[in-house]
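Before any comments, here is the structure.
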Amino acid sequence: MNIIVVGNVLKDVYLNLDSRTEHLETDKNNTKWLNLSFDASEHHFFNRSSSLGGAAISLEVLQKMGLPVTISNSDLQLSGDEFTSTAPPETYRYIFIVDGKVSYFVPTAPRITTFNPPAEPVDYLYVDRSATLDAAATARINAYLDISQTTKLILYVQNSENPHLNELIPRADLIFLEDSKESAKSQDLSILADFDTNKLVHISETQITYQKITENISVDRIDMLTHLSVYSIAAATVLGGFILGNSVEDSLTLARVNIENSRLNSVLPLKEMQEIAENTSPQDDLELIAASLVLKGKGILAADESGGSIKKKFASLNIPDTYENRRDYRNIFFTTPDLEKYVNGVILFDETARQLADNGQNYVDFLTSRRIIPGIKVDQGLARFDNSLETYTKGLENLSDRLKTYYLQGLRFAKWRAAFEIHLSTSGSIITPTTHAIEENCRILAEYALNCQSAGLVPIVEPEVVYNGYYSLEQNSEVTGHILDVLFQSLTDFGVNLRACILKVNMVLAGKNYDTPSTPKVVGETTAKVLKEHVPTDLAGVVFLSGGQTVEQATDNLAEIEKNGPFPWPVTFSFARALQDPALYAWAGNNANTDTARQAFLARLKANAEALKAQG
């Protein structure tokens, strides 16, 4: 078995510049650039390194995985950790690192890649990320594939601007498709419309996916391993894993390990990758995802209204409840500029997770490419207990299979809601929720949470004391505290890892119909007290639902809760209507109003982000 890589060998020169002494200017994207011709001898830098990049990276990865590989038209070889070659690199690139940001200076005209058919048949022909094909090179590749019909063709597609590369797509056995922000600008996914998606590997700035299996990979690194090499390492490691006969998930795991532990000119040998992978607990990933969902200063957007809920919303504004309108409505939120500055995650409804963004990506991949973690509502609504007006939440029966499917789609957390209504007797004492309803719903929440963690998803447990009703703040406090006690006992009994679990909970306030509304100050004090007394310290985080409050009320109450910190866990918001309603009214079913709706939504995001900065 042998592999030939078609691509260019590049020389990357890394310079960590001292911004205090360089003449720099900042562009509209807040990226710093040199405003004069660069001469390395006259500029100050903390360190200077160089490395061979492009096809040399794929060569290094595959050779360190024990695979026989050469680069077409190059005598480059890897001996230990050193490259040997009599030929100079084809292109120089400068990579400037200034104040933690990376900028690339590259030639405007890429060097055309040449291809000469190998003398001996090869098993795999890999067109690397660095390759720029013209008609002649493409014709030679096609001619070689005609002769060597057992050779498998692997393509790395950075964008859709190279028509010669596109000619090879129908012949490919596997395609790596780059989903970086820059590549997305020129993506035309129609070129892949007829391609078997089971042979398509997405590589983005935060993930690699195969058959919609997603593993988060950190590439935000400036330790001399830049985005340029990260993409190549990811693709080559996955390819090597497949060639070695590893499963999809094992190949993805190896790629993640290689990305997170490689250094310049030093990717990991296969044995070391395997050892690290074997010693990594799946719970570590869950805890990392949970922590990422409650990062300080950002919240979680709940865009998971069921079919019935969104139908009522639309009906109130005479908006037809069609598939297209539901997609266009949610598209407003997901495409809002700077969404990633205010949102860590988005909870989707099943239908939305399968819909497509404007650029042809499904919303799961689209959100992930914006560094936003996609999640999913998995409960299937409420049903009444026998001979009772109280409810439990449906959906456990087929949950395990659904979670596996959602994981394969790239979703990384889930949400399940249980609803509790407070009803009082004529004398004013609490009748519901009953002990039975609380215990059974908390048991269901715990079983759901354990199923999630077993499937690789972080569970959000949502025991909501419904705002509609007539009851006092003190009665809400009593009920919420009791529910939380039972819930966390149930989670413990089921063996749920609390460090990989998030609580979504109501604020503690008087019912909507109560005689005396609760002031934000009292809501903040009481909610903070209940949480500190009833929520374990090792929980990943607490997020608040808005639960029918007005837009301003939810934000004001959030700010007052924040003032009553600090808390032993991160605290943030996970609002639906309190974020969406202004945008819904601005849009009103007319896509001509989309930009206005986005601005209304962005204003609510900013207001709630400011509320999280409140200090006691």
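The values are calculated or read from the model by the stated rules, or taken from the named source; none is laboratory data. None of the values given here were measured: they were computed from a predicted structure. Every residue, glycine among them, receives a Cβ derived from its backbone with ideal geometry; neighbour counts consider all protein chains shown.
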Contacts under 6 angstrom Cβ, first residue in the stretch 392-416 being under 14 Å from A449 (Cα atoms), partner hydroxyl-bearing (S, T, Y) and surrounded by 24 or more Cβ atoms within 10 Å (Cβ to Cβ), 6 or more apart: W416/Y448
Boolean, I431 is out of contact with any His (no Cβ under 6 Å at 6 or more places or on another chain) and of a type in the set (V, I, T): no
Odd one out for E22, checked against (1) out of contact with any strand residue (DSSP E or B) (no Cβ under 7 Å at 6 or more places or on another chain); (2) modelled with pLDDT under 75: (1)
Filter pass, D538 being of a type in the set (D, E), closer than 19 Å to A290 by Cα and modelled with pLDDT of 95 or more: yes
Failed item in (1) over 27 Å from the mean Cα position of the chain (by Cα); (2) closer than 24 Å to L399 by Cβ, with Q475 passing the rest: (2)
Cross-chain or 6+ apart pairs with Cβ under 6 Å, the stretch 78-89 first and within 13 Å of K64 (Cβ to Cβ), then charged (D, E, K, R): L78/E60
Failed condition for N279, given (1) under 28 Å from L200 (Cβ atoms); (2) without any contact (Cβ under 8 Å) to a residue 60 or more places away in the chain: (1)
Among the residues listed as T150, T138, the single one being polar (S, T, N, Q) and crowded, with 17+ Cβ neighbours inside 10 Å: T138
The stretch 104-132: number of residues that are buried (at least 17 other Cβ atoms within 10 Å of the Cβ) and part of a strand (DSSP E or B): 4
Filter result (aliphatic (A, V, I, L, M) and either more than 19 Å from I175 (Cβ to Cβ) or touching a Phe, Trp or Tyr at 6+ places or on another chain (Cβ under 8 Å) (or both)) within the stretch 237-264: V238, L239, I243, L244, V248, L252, L254, V257, I259, L264
I438 in contact with a Pro (Cβ under 9 Å, 6 or more places away or on another chain) and part of a helix (DSSP H, G or I): yes
Within the stretch 417-431, considering residues that are assigned to a strand (DSSP E or B) and touching a residue at least 12 places away in the same chain (Cβ under 8 Å), the one surrounded by the most Cβ atoms within 10 Å (Cβ to Cβ): A418
Residue in the stretch 344-385 that is surrounded by the fewest Cβ atoms within 10 Å (Cβ to Cβ), counting only those that are within 22 Å of K296 (Cα to Cα) and in contact with a Lys or Arg (Cβ under 6 Å, 6 or more places away or on another chain): I373
